[in-house]
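First the structure, in the form of structure tokens, and then the observations on it.
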Amino acid sequence: MLWILLAVVALIVLSTFLLFRVHDLSHYDGGDWAVREVAPNPAHDEVMERIKDMGRASRGLKGKARLIALRNHLDSLGEGVEVKSEIRHNDQPRGEWVIAPGADTRRRVLYIHGGAWAAGSPRSHRAITDRFSQLANAAVFALDYRLMPEHRFMDGIRDCRQAYTWLLNHGPAGEEKAEFMVVAGDSAGGSHTLSLLAWIRDNGVRQADAAVALSPSTDLTLTAPSNRENIRTDPLLGPVFGGLSKIPLPVLWWGTLAAFRISPTNPVASPLRGNLNDLPPMLIHASSTEMLLDNATRYAAKARAEGSPVQLHTWQNMVHVWHIFSPLLPEAEQAFEDIGEFLSQVEKQHA
């Protein structure tokens, strides 16, 4: 009996090694990335209260009820935002146009929202998409991609690909070629953004002129140090995902495979583990204290080493995707100004 048990254990270990083959990427840690200091501000306390409200909204709930409560709370973040842009709903692909007054609709931004691939919507991220339309002088298409667990992870990926190719030739008023294209996203949407860039390159589709990833997830293997070291300093992700640090990584990999139906080492789900050469100019934002910090720094270092133009700008002690708390947080406004400067640089280089 003991020999049978040992054989089963050995088989599991061997299959884990052969299936996942998680390469060590620690040589991309460190770097000379500058961190922007943040002065204390009363707005930070208000943001912390809003994050606590998110936890209270789902307290005591389990399963689908907990997920629905989380989704509703995220959507409520966008309902209190004073939007200057016009909002137009679109059925196919599903999403909404966000168009600032006077924006050039031949200039387009595909925005892919975050929410751990299971929550979030165009409505929840209007504080971001409204500002994007203003700073890019572009029509923003906020994609309402299919979410887990009702749909497969790859369904959301396909929605992003379809939306991008559609946007190349369609604007808010109908069929019209895009003159300037940007892909942007945050957190899980940042992962979709970076994955999409590689797919565009590999399939002969017209590449985006620029890309912006805000606190992106880039590696589902969870091997980066900040996934564990920054649990206590990340008030948004720490309480939700911090418990995963107690689970052995191989078990998490099998769990990810079962839930996502894709290996955590697959570059579609973990863009850090793919080929990062020949990508468009990219800007990545991250907080020095969030769990996904090393997802950002490792991706930027690897992309730079493989010859792709990338900038990584980090802010001190900010909450994960602090941009969504615009205009409350001064640092959110600073971040949007930084994005505007980046896009201006890209256009000057292409002129």
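Points worth noting:
- Residues of region 333-351 satisfying the condition of being part of a helix (DSSP H, G or I), modelled with pLDDT under 95 and open to solvent by 80 Å² or more (accessible area, probe 1.4 Å): 348, 349, 350
- Here the condition is being in contact with a helix residue (DSSP H, G or I) (Cβ under 7 Å, 6 or more places away or on another chain) and open to solvent by 20 Å² or more (accessible area, probe 1.4 Å); of 191, 245, it holds for 245 alone.
- Residues satisfying the stated conditions in region 43-84, i.e. under 23 Å from the mean Cα position of the chain (by Cα), closer than 28 Å to residue 100 by Cα and not small (Gly, Ala, Ser): 44, 47, 50, 71, 72, 73, 74, 75, 77, 79, 81, 83
- Candidates 261, 298, filtered to the one that is open to solvent by less than 50 Å² (accessible area, probe 1.4 Å), in contact with a Phe, Trp or Tyr (Cβ under 8 Å, 6 or more places away or on another chain) and not aliphatic (A, V, I, L, M): 298
- Selection from region 91-124 of residues that are within 19 Å of residue 152 (Cβ to Cβ), hydrophobic (A, V, I, L, M, F, W, C) and without any contact (Cβ under 8 Å) to a residue 60 or more places away in the chain: 118, 119
- Region 219-241 - residue that is free of Cβ contacts under 8 Å to residues at least 60 places away in the same chain and more than 24 Å from residue 268 (Cα to Cα) and, of those, surrounded by the most Cβ atoms within 10 Å (Cβ to Cβ): 238
- Considering the conditions (1) open to solvent by less than 10 Å² (accessible area, probe 1.4 Å); (2) in contact with a Gly (Cβ under 8 Å, 6 or more places away or on another chain), residue 153 is excluded by exactly one of them, (2).
- Cβ-Cβ distances below 8 Å connect the following pairs, each with a first residue in region 27-40 that is under 18 Å from residue 319 (Cα atoms), a second residue that is assigned to a loop (DSSP other than H, G, I, E, B), and a separation of six or more residues or different chains: 35/288; 35/316; 36/316; 37/316; 38/316; 38/317; 38/318.
- In region 131-150, of all residues being open to solvent by 10 Å² or more (accessible area, probe 1.4 Å) and in contact with a Ser or Thr (Cβ under 8 Å, 6 or more places away or on another chain), the one that is nearest to residue 72 (Cα to Cα) corresponds to 144.
The values are calculated or read from the model by the stated rules, or taken from the named source; none is laboratory data. Worth saying up front: this structure is predicted, and the values here are computed from it rather than measured. In this analysis, Cβ positions are derived from the backbone assuming ideal geometry, glycine residues included, and neighbour counts consider all displayed protein chains. Note: accessible area is taken over every heavy atom of the protein model, side chains too, but ligands, DNA and RNA are not part of it. Shrake-Rupley method; radii C 1.70, N 1.55, O 1.52, S 1.80 Å.
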